[in-house]
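Below: the structure, in C-alpha cells.
The values are calculated or read from the model by the stated rules, or taken from the named source; none is laboratory data. This one's a predicted model, so the numbers in the text were calculated from it and none came from an experiment. When we count neighbours, we look across all protein chains shown, and the Cβ atoms used for this are built from the backbone with ideal geometry, even at glycine. For the accessible areas, the whole protein counts, side chains as well, though only heavy atoms, and no ligand, DNA or RNA atoms are used. Shrake-Rupley method; radii C 1.70, N 1.55, O 1.52, S 1.80 Å.
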Amino acid sequence: MNNLWGDSLSSFWSAWIIVITLGTIALSVWILFANRRTDKTPDADGNVETTGHAADGIEEYDNALPQWWFKLFVLTVIFALGYLVLYPGLGNYAGILGWSQEGQWEEEVADAEERFTPIFAQYQEIPIPELARDAEAMRVAERVYLNNCAVCHGSNAQGGYGFPDLTDDDWLYGGEPENIMMTLNNGRNGLMPAWQQLGESNIENLTQYVLSLSDLEHDAERAASGESTFLAACAACHTPSGTGNIALGAPNLTNDIWLYQAPGQSVADSVRQTLRNGRNGHMPAQAAYIGEERVHLVAAYVYSLRFND
Amino acid sequence: MEKIPSQDITPPPVGHHTPGESTTQSMYAKRRHIYVREIKGLFQKVRRSANWALMLGFFLLPWLNWGDRPAIWFDLPGREFHIFAATFYPQEFVLLSWLLIICAFGLFFITVFAGRVWCGYTCPQSVWTFLFIWLEHRIEGSRNHRIKLDKQPMNADKAWRKGAKHSAWLLISLATGITFVGYFTPIRTLVMELPTLEAHGWSYFWVGFFLVFTYLNAGWLREQVCIYMCPYARFQSVMFDRDTLIVSYDEARGEPRGRRKKSLSHTQAREAGFGDCVDCELCVQVCPTGIDIRDGLQYECITCAACIDACDSVMDKMGYPRGLIRYTTENALEGKKSHILRPRLLGYFAALIIMVVAFAWAVNDRIPLSFDAERERTQLYQMTREGQISNVYSLTVRNLDNEPHTYQISVSGLPSLTLDNTSISVPAGESRIQVVTVLANPQDLSQPSHPITFVLQAQQDEQIRQEREARFLGNARR
C-alpha cells in the first residue's frame, strides 16, 4: 500500500506536490514580471518616482531592477524548470536522468565493495591459524570485528551478560577454526529448557549440586539430593560429569564460568533463574550480513584472541 | 607668459535629485578602458622586485622536495598538510585560523601605518595585473601605440599582436593554474599526467578554473576587482587616520597648475603665478586604477606610487624639487606635526607581536599526539569473577609525528585501577584503535560514576604526552 512516506506517493499527494512546486515557480515569475519597471526617466519636473518611503528626509527611489539582476532571476527560473525535468522533484515523476538517492547509495556501496574486496580476498586462502598470526591482517580483522561483533561481545571480546567471552578457553561450540567458522557462517541457537515443573525444592537441590560442580560454596546435603535429578534431567546435554557438550552447545558447568551472571548477581541466583525459566541464546548467522570473506577474517581474529595472554 | 587658468576639478554632483534637474541618473558607471603608461622610478623598482620575488616564490615552491615528498603539499584526500618538516592534520585547523587572524592583523597594522600598500606591492591581483600589463606593453607597444592599435580596424598587424598577447596571457594563466593545483597534488607527477589525460578530473577542473580566472582577472577585469569587488577596498578607510602614510598631491605647492615653457626656471614660474604642477597628466596616465591623484585621497588608490615616480621624473626634467606627489600624511600636508608612533599603531603592533609569539610557541610546542578515550556504549560495566568492576574503553590514538612511536598507557583517578593493555605502537602519521579494559575494586567506588584520566606517554620522548578525561561506571556501595 502506498502512503506518504512509502516508496512512492499516492497520486493525490504526488499531484499536491506538483501543484505546489509549479505553482510557486509560476507565482515567482508572475511577481517578477508584474512588478517589472523599466521606465526610470524623471517626470516633467525632473522628479524620479519614489516608493513613498522616507526616513529623515531620505527617500527611497522606485527604480527598476538592474537588468543583470532581472536576467539572473529569469535564469534561476529556467534552471529550476530544467532541474525538475532532469531530477525527481515533482511528486512521483522520476526525472529523465533516473537519479535516486537509493541508486547513489548503491553506487557508493558498489564502489566500496570494489575497493575493499581485494583486501579481504587476499586473506581468503590463508588457513585460519596462520592468518591469526598475521598482524596486518588482524588489524583489518579488528576493524571488521569492532563494526559487526563488538555490539554484543564487547570491544575487548570479553562478552557480557548472555554473550560469551571470546578470550577465554571455554567454548560452547568448540574453539577450533572449523567450529568458529561454523558459528559465524550459520549462527547458533542455544536453548536451555525451563525446568519449572520440577518444583522449587528440586530446583534448589539442583542449584546446590551445580554449585558443587565448580567447587563453589554450597549446601552439601541439598547438593547430594540434587545429583540424581541432575543425572536424570540434565546429564543428557551437560554429560553426567557436567562438563558440557560442544556438539549441542551445552555449557561446561564445572569451570565456574557463567554466561548469564549479571553484575552483582550471585552465581546461585543466576543458576536458579536459569533452571526456572530456561535460557535462549541466539547468535545470528554472519555470512548473510558480511559475506564469507569477512567471516574468514573474523574467525581468524577470534582465533587469534587466544594468543593475547 | 600668461597664466593658464586652472581647471575646476570638483567632481560633478551625483545621486542628487533636485527639481529642475533633468538628467537621467544611472547607478552604474560605464567603464572606460585604462591604458596604463609604463614608468620607471624608485618605487616601481621596489614594486617590481617585490612582484618578481613573490611570483618566483609562488612558481618555485611546489617544485621543492622534502625527503620523498613535496616540501609544501596540502594533501586534501590524505587529510595531511605538509609544510617543510612539519605535517599538520585537520584537528590542527585552529592553527590555520590563528594564522589567518595574524595575517588580518598584519594587514590592519600595515594599513594604519601606510595605507593600501598591500594592494600596490603584494596583492596577487595587482601582481598578476602588472605582469599582464608588462606583457601587453612588450607586444602591443607603449600606451600611445596601444590606444592607436585599439582604434584601428582589424588588420594583420593588429590580429598578430592581439593574438600573441592573449596567447601569452593564457600561457601564464595556465602556468598559474598548474602551479596552484601543484600545491595540492605533487606537481612533478601532475605535469606528467596532465598532457596524457591521466590526471584526476578535479585537477583538470581546478587548473581550468584558475586559468580562466587568472586570465579574466588580470587580463580583463583588472582595476574593476580592486574598485568594485575587493572587500578590503570597502573597509580599509576605517583604519586610516590623519597620520597614515598616503600617496598625496601637495595642493599648496602644485596649484595653480598649468602648462609652461620648459625654459622657465622654478623661481620664474613662481613669479609668473604658476604652482609646481605642469599639468602633464602623466600621473593620471600611469595610474593602474585610472584616478587623478590631484583630486585628493580616493579609495581607488592602491598606493602603488606610480604617480610619485611619474611626477618625480617630470620634476627632474623641469629642474623642480621632487615630491610634489609623495608619501605623506594628512597632518604633514596641512603643516601639522605627524605622529608616526601613535597609540592605534602601537596597539596593532603589540597585538600582532603577541599573536605571532603565541603562534610560534603553539606551533613549536605542539604535541604530535592526539587520542580519544571512548567508553563502550553497549554495557555499563561488568564484574569479573574476582569481583572487580571492569569498564571497557576504545582509545583511538593518532600519531601526528614524523616517526613511529610506542606509547605507554596509564590511567588514574581511583585507587587500585588496573589496565590490561599498557602500550600501543602507532606508525608515523597513522592512527590505531586500542581497546583497554580498566579494572577497579568495588570498595573504591563511592558513586555510580567517577572521573578517571587516561595518560599516553611516548616511550622515547618525554615531551610527547597527552591526557584525556573519561568516566568509570560501577555500582555504588551504599
Shielding score for A:145-158, defined as the mean number of other chain Cβ atoms within 10 Å: 4
FRET efficiency, 1/(1 + (r/R0)^6) with R0 45 Å, evaluated for A:T243 and B:A86 via beta carbons: 0.15
Total lysine pairs under 26 Å (Cα atoms) in chain B, excluding pairs fewer than 8 apart on one chain: 23
Cut-off 19 Å, label 7 Å out along Cα→Cβ of A:S8, residues of region A:83-110 by amide N: A:85-104
Most to least accessible of A:I96, A:I17 (protein chains only, probe 1.4 Å): A:I96, A:I17
Against the rule of thumb 2.2 N^0.38 Å, how large the Cα Rg of the protein assembly as shown comes out: 1.48
Listed residue (A:N35, A:L297, A:A157) projecting farthest to the positive dipole end of chain A, Cβ model: A:N35
Accessible surface, 1.4 Å probe, highest first, among residues A:F33, B:F184: A:F33, B:F184
Computed FRET value (nearest 0.05) for A:D169 with B:L95, which takes r as the C-beta separation and R₀ as 51 Å: 0.50
Degrees between helix B:201-214 axis and first principal axis of chain B (Cα, 0 to 90, nearest 10): 30
Crossing angle, helix A:11-34 versus chain A [Cα axis fit, 0-90 degrees, rounded to tens]: 30
Among A:W99, A:W171, A:W258: highest mean-square fluctuation, GNM of chain A, C-alpha pairs under 10 Å: A:W99
Check: the protein assembly as shown dipole with +1 on Lys, Arg Cβ and -1 on Asp, Glu Cβ, in debye: 4880
Other protein chain Cβ atoms within 10 Å, averaged over every residue that makes up A:250-263: 1
Exposure rank, largest accessible area first [A:V295, A:V29; 1.4 Å]: A:V29, A:V295
Cα extents of chain A along the three principal axes, largest first (Å): 120, 49, 46
Qualifying trypsin sites (Lys or Arg not before Pro) in region B:367-457, DSSP loop, other Cβ atoms within 10 Å at most 16: B:R377, B:R385
Cα centroid separation - region B:326-361 against region A:260-288, whole Å: 77
Shape call, chain B: gyration tensor on alpha carbons, a/c limit 1.5: prolate
Net lengthening on full extension, A:W69/A:E106 (0.36 nm per residue, minus Cα-Cα): 9.3 nm
Region A:169-309 - charge dipole about Cα centre, Lys and Arg +1 at Cβ, Asp and Glu -1, debye rounded to 20: 460
Surface accessible to a 1.4 Å probe, B:D243 within the full protein complex, Å²: 20
Where chain A is the region considered: accessible area per residue in Å², 1.4 Å probe: 60
Dipole of chain B [Lys/Arg +1, Asp/Glu -1 at C-beta], most positive-end residue of B:S237, B:A362, B:Y204: B:S237
Selection of chymotrypsin sites (Phe, Trp or Tyr not before Pro), region B:35-88, meeting DSSP coil and at most 11 other Cβ within 10 Å: B:F84
Length-normalised contact order of chain A in % [C-alpha pairs under 8 Å, at least 6 apart]: 19
Chains B and A, summed buried accessible surface - 1.4 Å probe, Å², nearest 100: 2100
With Cα atoms, 0 to 90° folded angle of helix B:343-365 axis to chain B main axis: 40
Positive-end residue of B:M318, B:A350, B:Q91, charge dipole of chain B with Cβ unit charges: B:M318
FRET efficiency, 1/(1 + (r/R0)^6) with R0 45 Å, evaluated for A:D56 and A:Q122 via beta carbons: 0.05
Unit charges on C-beta of K, R, D, E only; dipole of region A:254-309, Debye: 240
Solvent-accessible area of A:W16 with every protein chain in place, 1.4 Å probe, in Å² to the nearest 10: 130
Buried on assembly, region B:347-382 (at least 30 Å² less accessible surface than by itself, 1.4 Å probe): B:E376, B:T378, B:Q379, B:Y381, B:Q382
Overall form of region B:38-110 per C-alpha gyration tensor (a/c, 1.5; a/b vs b/c): oblate
